[in-house]
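Everything on this sheet refers to the single structure shown next.
A short reminder: the numbers here are calculations on the coordinates, not readings from a lab. Quick caveat, the model's predicted, so the values are computed rather than measured. Cβ atoms come from the backbone with ideal geometry, glycine included; neighbour counts cover every protein chain shown.
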Ligand SMILES: C[S@@+](CC[C@H](N)C(=O)[O-])C[C@H]1O[C@@H](n2cnc3c(N)ncnc32)[C@H](O)[C@@H]1O
């Protein structure tokens with residue numbers, strides 16, 4: 001990752017600022033097109049490939065690892081995907097403050113940090129408050145794709161959803177999830193986990209037209225670099 005410590009001008013042009021004001025996607029991309037978001041895009045294979053095969057749509061990504069942001073800009077340029085903008089930010093803050101209401105046609109959350117220990121679960125991204133903020137950001141009919149090899153994380157998402165009645169429809173009925181479905185552009189983490197023999201759980205949700213009422217309390221997350229306790 002050494003080579004990504006310095007950004008080229010072309011890479012910087014794909015990387016957005018770190019303000020708190022909502023992003024104006026029309027201004028950002030210079031056109032009006034369906035908008036997709038990937039959260040925690042890691043090394044960016046999925047985001048750059050999806051953008052390359054959907055030139056008529058716009059893609060934004062948020063990732064808090066700075067080097068991965070530069071690497072993904074590099075990959076997007078290599079694939080000639082100029083319909084990508086990347087943001088180095090914390091995902092919940094980004095969704096809450098930077099995504100305009102009802103603006104997202106799709107959102108991908110693929111293998112978020114699982115925080116597997118029971119005592120660490122409150123650090124997981126897919127909290128009730130986060131899902132509530134994401135409900136505001138998604139357009140009616142918008143799709144949320146979630147994947148994890150940590151099965152109890154899949155069930156935690158489904159459980160949190162039951163506390164937000166009327167905002168989402170689960171497309172994977174009757175169970176509410178599916179395991180090991182084929183994916184067009186598997187992420188780096190997905191390939192790695194599959195090669196280890198793990199089975200992957202997927203959730204697919206569709207946003208209804210109902211407007212979320214309250215805004216749930218939110219605390220600025222602490223950046224946790226490492227925790228071996
Ligand atoms: C397990 S990796 C998966 C990366 C990629 N989605 C994949 O499947 O290969 C999780 C990624 O999410 C990023 N991430 C975790 N929590 C985040 C947060 N709260 N805000 C932004 N990025 C986050 C991490 O830096 C990491 O790149």
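Observations
- Projection of the Cα convex hull of region 1-53, averaged over all directions and equal to a quarter of that hull's surface, yields 5.0 nm².
- For the pair residue 151 and residue 65, a Förster radius of 25 Å applied to the C-beta separation gives a FRET efficiency near 0.50, rounded to the nearest 0.05.
- Over the chain, dividing the summed -39,500 (n - 2.57) contributions of all DSSP H runs of at least 4 residues by the number of residues returns a 222 nm mean residue ellipticity of -8000 deg cm²/dmol.
- Candidates 181, 60, 200, ranked by Gaussian network fluctuation over the chain, Cα under 10 Å, top entry: 181
- Pairwise centroid distance, computed over Cα atoms, of region 56-81 with region 118-186, Å: 24
- When you work out D = kT/(6 pi eta Rh) for region 2-207 at 4 °C and 1.567 mPa s, using the Kirkwood radius from C-alpha pairs as Rh and the Stokes-Einstein form, the result is 75 µm²/s.
- Springs between Cα atoms under 10 Å define the GNM used for the chain, and in it the highest mean-square fluctuation of 148, 48, 127 occurs at 127.
- Placing R0 at 41 angstrom, the Cβ-Cβ distance between residue 188 and residue 18 gives a FRET efficiency of 0.95 after rounding to 0.05.
- Antiparallel DSSP beta bridges within the chain, percent to nearest 5: 35
- Classified by the C-alpha gyration tensor, region 69-166 has an oblate form. Its axis ratio a/c, with a ≥ b ≥ c, is 1.5 or above, and a/b does not exceed b/c.
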